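Colleague: The structure follows.
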Amino acid sequence: MKQFFSATDDDISKGRTTDVYFTHTLEVLRAKRKIKEQALAEFTVSGLPRGWPWGVFCGVEETVRLFEGKNIDMWGLPEGTVFRPRGESGVRIPVMTISGAYSDYCVYETPALGFLCHSSGVATMSARIRKAAGDKQVIAFGIRRMHPSISPMLDRSSFIGGCDAVSSLKGAETIGKKPSGTMPHSLVIMFGDQKKAFKAFDEAVDRSVPRVALVDTYSDEKAEAIMACESIKELEGVRLDTPASRKGSMPELIREVKWELSIRGFDHVKIFVSGGLDDKTIPELVAAGADGFGVGTSISNAPTIDFALDIVEKGGKPVAKRGKYGGRKYPFCCLRCLSFEVSLSLKRPPKCRCGGKMELAEVQLIRKGKRIYPERSAIEIRESVLEQLIQTEM
């Protein structure tokens with residue numbers, strides 16, 4: 001008997017996490033001898049949550065692994081692509097396309113959408129926070145708000161979107177980095193004395209871990225910050241995690257702590273902030289002098305991007321449900337302004353209104369069941385995202 005309520009890799013890869021109506025569909029296709037009928041389907045989204053103008057496409061690696069070995073062809077935007085939901089013409093941009101016998105992929109629609117919708121939402125919110133924070137450090141703290149079985153996905157997507165580091169042991173292992181974090185309130189409470197806790201941490205924890213003290217457990221933040229400076233010789237920073245009931249103005253609190261440390265000769269000590277942060281609240285904290293942020297719930301609980309999978313060709317002929325456009329469409333992107341558009345032919349690239357050259361945005365991922373697009377590291381994907389974010393506006 002399984003200990004926790006989570007699907008295994010085997011459950012997912014064998015289609016046991018699908019919606020039941022896809023198994024009904026497969027049963028009907030088999031009974032009516034339509035098992036070999038070919039269909040081409042596209043993943044698209046009509047719009048992004050909260051009016052976001054762009055998203056970060058994430059979850060591709062897991063989706064490729066899901067379909068690898070199935071007798072299908074697959075194309076898609078590379079993971080980490082900053083995409084627009086629609087082209088300038090208003091047509092939805094296909095972020096991924098599958099071709100093959102529909103019976104070979106129909107039961108995998110649900111898990112594939114789960115990979116893409118959730119991961120892309122997390123990566124997009126992380127990217128928006130990256131934009132809001134500028135060059136300040138951002139650490140993903142959000143795994144405690146979600147089911148632990150998906151902590152590697154959450155941290156990977158957060159990192160790809162732009163977070164500098166992640167807090168979980170497994171998430172850090174997944175992206176090939178060391179986990180980031182110092183001390184919780186419980187450490188101070190267990191000692192019952194701030195200075196004793198700070199000194200104990202400094203004496204016991206490996207020197208490779210940055211000395212950052214949490215300074216809002218019992219006393220005024222600036223008082224505990226001064227205690228930390230006096231207790232830890234090589235103190236790198238202090239973290240403010242003040243609860244909302246005691247917070248007042250966080251920008252003013254940052255300025256006050258910074259001032260009190262500076263006049264005592266501790267102006268090298270950085271101010272890190274955590275607790276209830278998002279892409280709307282961070283800019284004023286940057287302006288107040290914050291040096292870095294721990295961001296949790298707003299990233300891990302980011303709104304999903306509601307991709308849908310729709311058949312647009314059957315037997316090589318255009319088809320479409322109401323509200324969708326039939327026929328195979330090729331996504332093109334302008335490298336100058338990151339605008340997207342579709343074309344019905346690879347030989348006729350669309351023209352961008354900015355005058356920049358539009359290039360094919362998709363790559364082939366799988367050919368006849370064999371993966372042909374190499375896996376990229378989370379570090380490499382993140383670097384690509386950061387380059388694209390330079391060209392975006394919030």
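Colleague: With each run of n ≥ 4 DSSP H residues scored as -39500 (n - 2.57), what mean residue ellipticity at 222 nm is computed for the chain after dividing by its residue count and rounding to the nearest 500 deg cm²/dmol?
Modeller: -10000 deg cm²/dmol
Colleague: Restricting things to Cα coordinates, could you compute the convex hull volume per residue of region 7-100 in Å³? Before the final figure, lay out the partial values.
Modeller: Details: hull volume 13.3 nm³, N = 94.
So the per-residue hull volume is 142 Å³.
Colleague: What residues from region 67-95 fall in the zone where the backbone N is under 14 Å from a label point 7 Å along the Cα-to-C-beta line of residue 17?
Modeller: It comes to 67, nothing else.
Colleague: Set the Förster radius R0 to 22 Å, insert the Cβ-Cβ distance between residue 149 and residue 24 as r into 1/(1 + (r/R0)^6), and round the FRET efficiency to 0.05.
Modeller: 0.20
Colleague: Okay, moving on. Which parts of region 176-196 would a label at residue 223 reach, counting a residue when its backbone N lies under 13 Å from a point 7 Å out along Cα-to-Cβ?
Modeller: Residues 194-195 fall inside that zone.
Colleague: Shifting gears a bit: How much length, in nm to one decimal, is gained on full extension between residue 5 and residue 379, taken as 0.36 nm per residue of separation minus their Cα-Cα distance?
Modeller: Here the answer is 131.6 nm.
Colleague: Moving on. To test your reading of the geometry: what angle, between 0 and 90 degrees and rounded to tens, separates the Cα axis of helix 378-389 from the longest principal axis of the chain?
Modeller: Tilt of helix 378-389: around 90 degrees.
Colleague: Right, next: Under the 0.36 nm per residue contour assumption, what length would be gained going from the current alpha-carbon distance of residue 193 and residue 70 to full extension? It would help to have the intermediate numbers written out before the result.
Modeller: Details: separation 123, 0.36 × 123 = 44.28 nm, distance 6.00 nm.
Length gained, residue 193 through residue 70: 38.3 nm.
Colleague: Taking N as the number of residues in region 299-390, what value does Rg over Cα atoms divided by 2.2 N^0.38 Å take? Don't jump to the answer; show the numbers that get you there.
Modeller: Values: Rg = 16.4 Å, N = 92, 2.2 N^0.38 = 12.3 Å.
Relative to the 2.2 N^0.38 Å estimate, region 299-390 comes out at 1.33.
Colleague: Rounded, prolate or oblate for region 76-187? Axes are the square roots of the Cα gyration tensor eigenvalues, ordered a ≥ b ≥ c, and the cut-off for rounded is a/c under 1.5.
Modeller: Oblate, because a/c is 1.5 or more while a/b does not exceed b/c.
Colleague: May I ask you to work out the translational diffusion coefficient for region 133-300 at 25 °C, viscosity 0.890 mPa s, via Stokes-Einstein with Rh from the Kirkwood sum over Cα pairs, reported in whole µm²/s?
Modeller: 151
Colleague: Set the Förster distance to 22 Å, then compute FRET efficiency between residue 268 and residue 178 from the Cβ-Cβ distance, nearest 0.05.
Modeller: 0.45
Colleague: Let me ask something else. When DSSP assigns beta bridges and you keep just the ones with both residues in the chain, what percent turn out antiparallel, to the nearest 5? Write out the running numbers ahead of the final one.
Modeller: On the way: 34 of 50 bridges.
Once the DSSP bridges in the chain are tallied, antiparallel ones form about 70 percent.
Colleague: For the chain, what does the convex hull of the Cα positions come to per residue, in cubic angstrom?
Modeller: Details: hull volume 64.6 nm³, N = 394.
Spelled out: Cα convex hull of the chain, divided by residues, is 164 Å³.
Colleague: Region 348-394: percent of C-alpha pairs farther apart than 17 Å?
Modeller: 62
Colleague: Another question about this same structure. Once both labels are modelled 7 Å past Cα along the beta-carbon direction, what's the residue 34-residue 347 spacing in nm?
Modeller: Output for this residue pair reads 3.3 nm.
Colleague: Which order do 241, 11 fall in if you start with the one that has the fewest other Cβ atoms within 10 Å?
Modeller: Numbers: 241 19, 11 13.
Ranked by crowding around the Cβ, least crowded first: 11, 241.
Colleague: Arrange the peptides 249-256, 386-393 so that the one whose residues have, on average, the most other Cβ atoms within 10 Å appears first.
Modeller: Highest to lowest by the protection proxy: 249-256, 386-393.
Colleague: Taking the Cα centre of region 133-300 as the origin and placing charges on Cβ (Lys, Arg +1; Asp, Glu -1), which of 292, 154, 282 is farthest toward the positive end of the dipole?
Modeller: So the residue furthest toward the plus end is 154.
Colleague: So which of 136/357; 14/368; 14/34; 329/368 end up more than 29 Å apart, counting from Cα to Cα?
Modeller: 136/357
Colleague: Relative contact order of region 28-96, please, whole-number percent, based on alpha carbon pairs below 8 angstrom and at least 6 residues apart.
Modeller: Relative contact order for region 28-96 comes out at 42 percent.
Colleague: Would you mind putting 152-158, 107-113 in packing order, based on average other-beta-carbon counts within 10 Å, highest first? If you can, show how the numbers build up before the last one.
Modeller: Numbers: 152-158: 28.0, 107-113: 20.6.
Ranked from most to least packed, the peptides come out as 152-158, 107-113.
Colleague: OK, next. Roughly how tilted is helix 151-161, in degrees to the nearest 10 and between 0 and 90, from the longest Cα axis of the chain?
Modeller: Helix 151-161 and the main axis of the chain meet at about 90 degrees.
Colleague: Once both labels are modelled 7 Å past Cα along the beta-carbon direction, what's the residue 203-residue 319 spacing in nm?
Modeller: For residue 203 paired with residue 319, the spin-label model returns 7.4 nm.
Laboratory data are not the source of any read-out in this text; all were calculated from the coordinates shown. In this text, all values refer to a predicted model and were calculated from it rather than measured experimentally. Note: ideal-geometry Cβ built from the backbone for every residue, glycine included; neighbour counts use all protein chains shown.
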